[in-house]
1. Restricting to the stretch 102-127, what's the tally of residues that are part of a loop (DSSP other than H, G, I, E, B) and touching a Ser or Thr at 6+ places or on another chain (Cβ under 9 Å)?
2. Applying the selection to the stretch 1-38, what residues are of a type in the set (S, T, N, Q) and surrounded by 12 or more Cβ atoms within 10 Å (Cβ to Cβ)?
3. Please specify each residue of the stretch 131-161 satisfying the condition of being outside any helix (DSSP H, G or I) and near the ligand (Cβ under 9 Å from one of its atoms).
4. Report, by residue number, each residue of the stretch 105-130 that is more than 8 Å from the ligand (Cβ to nearest atom), farther than 12 Å from Val91 by Cβ and modelled with pLDDT of 95 or more.
5. Of all residues in the stretch 217-240, count the ones that are farther than 16 Å from Ser160 by Cβ, out of contact with any Asp or Glu (no Cβ under 7 Å at 6 or more places or on another chain) and crowded, with 19+ Cβ neighbours inside 10 Å.
6. Out of the residues in the stretch 25-56 meeting the condition of being of a type in the set (Asp, Glu) and assigned to a helix (DSSP H, G or I), tell me which one is farthest from the ligand (Cβ to nearest atom).
7. In the stretch 57-81, what residues are in a strand (DSSP E or B) and out of contact with any strand residue (DSSP E or B) (no Cβ under 9 Å at 6 or more places or on another chain)?
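The values are calculated or read from the model by the stated rules, or taken from the named source; none is laboratory data. None of these values were measured; they are calculated from a predicted model. Using ideal geometry, Cβ is built from the backbone for each residue, glycine included, and neighbour counts are taken over all protein chains shown.
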Amino acid sequence: MKESTGEIIEQGQINVQPDFIYPYIIRVLDKSDLMAVMQLQIHVTADIKREELYVPISEEEMRYILTGNGEALGVFIQDRMYAACALLFNVDDDMNMARELNFSNDELEQVAQLELSLVDPVLRGAKLQHKMAEALARREEARQTRKYLFSTSSPYNYASIQTLTALGLQIVRLCKMYYDWDRYVMYKEFAEPTQLDTANSVSIPNTAFAEQQQWLDKGYRGYSLFQDNEGIKIVFAPKL
Ligand SMILES: CC(C)(COP(=O)(O)OP(=O)(O)OC[C@H]1O[C@@H](n2cnc3c(N)ncnc32)[C@H](O)[C@@H]1OP(=O)(O)O)[C@@H](O)C(=O)NCCC(=O)NCCS
């Protein structure tokens, strides 16, 4: 295993299984980490129950991110990668999620996108996606080169919607993307996040697409979610 020079942005201790606590590091990935990301993706996707939860990244797209067009982080225990997350800031036009919102050409150039998150099942539930995505968003904001942070999520991906809404991304559109799969388009503006009137919130089942669409059409945005005995509910509120 080569010694990486990637910047370490966090280190700590994590429970891998009950009673097993290991030291971990989160560091910036470089192109020598490409194959480890692709192997992690194969390992994680083998365990996914519902194919449409996750759109696989190609080796070519991941290489593009790792060679100066984005930034990626990995969680390592004893030199093995257990989790990864990637942000793209040089976004090709046809890949730009803001096209779904009819952004102008100037605005499209101001977009950064969270592209993938992978956490090995043995480390699930430790908020590693949140740790990595939050760090990537903070570092992107500090660079001050992009105005908007976008991502997409399946309405069925509880963990991802939780992470993205916790970072302040709001659901603004529900549409078909990728292989004709249902997707929320989510974003925030770094400098001037849209304020919502959360006192007037409505909670809609994540599967009630027609009802969600009606609230989106009225200008409401999704900003949170919870799970009760009926299933997952997405919380929408109007703009202030
Ligand atoms: C999405 C993913 C990265 C989140 O992993 P994580 O950081 O360990 O998740 P969190 O610790 O934030 O978990 C948040 C909640 O979701 C639950 N959760 C996490 N992963 C889950 C999964 N695969 N299925 C069901 N629930 C899951 C957790 O139990 C937790 O629930 P709680 O808030 O009620 O306690 C991970 O599940 C994964 O790799 N999934 C496959 C790939 C994928 O879908 N990536 C996202 C799209 S790019």
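1. Step one: filter the stretch 102-127 for residues part of a loop (DSSP other than H, G, I, E, B), giving 102-104, 109-110, 120, 124-127.
Checking which are touching a Ser or Thr at 6+ places or on another chain (Cβ under 9 Å) leaves us with 110, 127.
Result for the stretch 102-127: 2.
2. Step one: filter the stretch 1-38 for residues of a type in the set (S, T, N, Q), giving 4-5, 11, 13, 15, 17, 32.
Once the filter is applied, which keeps residues that are of a type in the set (S, T, N, Q) and surrounded by 12 or more Cβ atoms within 10 Å (Cβ to Cβ), the stretch 1-38 yields Ser4, Asn15, Ser32.
3. Residues of the stretch 131-161 outside any helix (DSSP H, G or I): 144-157.
Hits for the stretch 131-161 are Ser151, Thr152, Ser153, Ser154, Asn157.
4. If the condition is that a residue be more than 8 Å from the ligand (Cβ to nearest atom), farther than 12 Å from Val91 by Cβ and modelled with pLDDT of 95 or more, then Asn105, Asp106 are the ones that fit.
5. Residues flagged as farther than 16 Å from Ser160 by Cβ, out of contact with any Asp or Glu (no Cβ under 7 Å at 6 or more places or on another chain) and crowded, with 19+ Cβ neighbours inside 10 Å within the stretch 217-240 amount to 3.
6. Step one: list which residues in the stretch 25-56 are of a type in the set (Asp, Glu), which gives 30, 33, 47, 51-52.
Cutting the leftovers down to assigned to a helix (DSSP H, G or I) gives us 33, 51-52.
Values: Asp33: 17, Glu51: 11, Glu52: 10 Å.
Here the residue is Asp33.
7. Pass one, the stretch 57-81, residues in a strand (DSSP E or B): 70-77, 80-81.
Correct list: Arg80 only.
A quick yes/no check of all residues on (1) without any contact (Cβ under 8 Å) to a residue 24 or more places away in the chain; (2) of a type outside the set (Gly, Ala, Ser); (3) under 16 Å from Val119 (Cβ atoms):
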| position | (1), (2), (3) |
| --- | --- |
| Glu10 | no, yes, yes |
| Tyr24 | no, yes, yes |
| Asp30 | no, yes, no |
| Ala36 | no, no, yes |
| Thr45 | yes, yes, yes |
| Lys49 | yes, yes, yes |
| Glu52 | no, yes, no |
